[in-house]
Every structure is written in C-alpha cells, then in structure tokens.
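Trainee: Quick one: the structure is below, questions incoming.
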Amino acid sequence: MLTLMKLLVVGCAAWIYHDATKNKIGRIPGRAGWDNLPAGAWALGSLWLWLIAFPLYLVKRSELIQRAQEHPREAAYVPVKLGIFALLFVGLLLQGLSGGSGTITFAEQVDANLNTVNEGNEFSMGWVHMVIRGDEPFGDSTLTVFVRQSGASAWVPAEQHIVSPEWDTYAAPVLLDAAGSYDVKVETGGGKLVAEDRVYVE
C-alpha cells in the first residue's frame, strides 16, 4: 500500500511539472501571491505535500494557464527533470514488484487478535507497539527491523524477531527513545523487503 501511494504521489508531481511547463506556467516577476510559483515549485509541493498541493493545482489550473498566456515562462532542462521523475517512478515500481508494499504502524495497545488502540505514525517518546503487516505471508522465520534518521543514507539494524513463515502480520513492543523523524523497514532473513514506513517521535 505504501509503495502504491508513493507511485501515485510521484506520478501526480510529474504530471504537474509536465502540464505546467507545457502551458508555460511559471513565476511572474513583480507579481505577489502565494500561487505565483514556477513549475518546479508546484511539482515539489505536490511531492512533499500531496494532499494540499495537488488539489490546489487542479483548482487553480485554469487561472494559471490564462495567466501564462499573458506572461509565458519557459522552464530550463525540462527533459532532464522529467527524466528524474521517471527514474524515481521506475525505482518505486521495481521496489513494489520485489516486495515491501506492506505497512508498518505503531499503536498504544495491541490485543491477541491484533486489534489496536490509537494506531498511527506519530508518538511521544516511550514504549509503543510496532505493527508489521505484509502484503503476503512473510515466508521466513526471521524478521529484522532496520532504522535510520530521515535523510540519512545508512540503515542500522535495530532488532530481530522470530515469526512463523505463514504469518503476514506481527506486533511487538518497541521503545521510541529519541525525538525525530525516522525511516523504518523490515526485511526477512533472506533479505526480502516486507514493509517500509516513517515514524515521527516527539
């Protein structure tokens, strides 16, 4: 599910950039307004704040096109930038095909039937329950949890869990002991990516 959402977000951002550059939408010097943005800014906004920026672009699109007809703006290196979007999209697609479209969430409480209380990805420091949901049975008896601070390149193995290969869901207590934004991924002992997500610790 996470991979599909990422593909949707990247696809929407790429479409915005293509549409904006095709219609010569861009920042008009000397004009005020929050919507006076270059094509790249609209695309990046959709990439990072998709729920806000993408609908806003759709709502403002006709007005932006009309404005661009009076003040056309040419973007630089358009094929290169669209190529970057294409590479990102293909990379995410390959990740999804190789597994890893499951989810990792956190909850205050989890019962024996895996019913959760206050489930999400933003928590204060302390003990919570990490809930791993694969899109298929794990197929391995070992799951390894890796963590990295968002923006860092190196993953650090955090803990290992023994599971049944037939399971597709697993929950375990985890201590969130440092504030920040963290990427979390889970792999089987054979190196298959089961799920990947992000948690925000206050």
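The values are calculated or read from the model by the stated rules, or taken from the named source; none is laboratory data. Small disclaimer: the values here were computed from a predicted structure and weren't measured. Note that each Cβ is placed from the backbone with ideal geometry, even for glycine, and that neighbours are counted across all protein chains shown.
Trainee: Quick check on this structure: which one of G45, G11, G40 is part of a helix (DSSP H, G or I), small (G, A, S) and touching a Lys or Arg at 6+ places or on another chain (Cβ under 9 Å)?
Mentor: Testing whether each residue is part of a helix (DSSP H, G or I), small (G, A, S) and touching a Lys or Arg at 6+ places or on another chain (Cβ under 9 Å) leaves just G40.
Trainee: Can you tell me which residues in the stretch 1-26 are loosely packed, with under 15 Cβ neighbours inside 10 Å and either of a type in the set (V, I, T) or closer than 22 Å to E70 by Cβ (or both)?
Mentor: Correct list: K22 only.
Trainee: Using the structure shown, decide if V145 is of a type in the set (A, V, I, L, M, F, W, C) and within 17 Å of T103 (Cα to Cα).
Mentor: yes
Trainee: Going by the structure shown, is G126 on the phi < 0 side of the Ramachandran plot and outside the structural domain of W48 (by TED's automatic domain parsing)?
Mentor: no
Trainee: Let me ask another. Residues that are of a type outside the set (A, V, I, L, M) and in contact with a Phe, Trp or Tyr (Cβ under 7 Å, 6 or more places away or on another chain): find the strands (runs of 3 or more DSSP E) completely inside the stretch 97-202 holding 3 or more of those.
Mentor: Per the criteria, 142-149, 180-188.
Trainee: Sticking with this one: Restricted to the stretch 57-71, and to residues that are aliphatic (A, V, I, L, M) and surrounded by 16 or more Cβ atoms within 10 Å (Cβ to Cβ), which residue is nearest to G151 (Cα to Cα)?
Mentor: The extreme case among them is L64.
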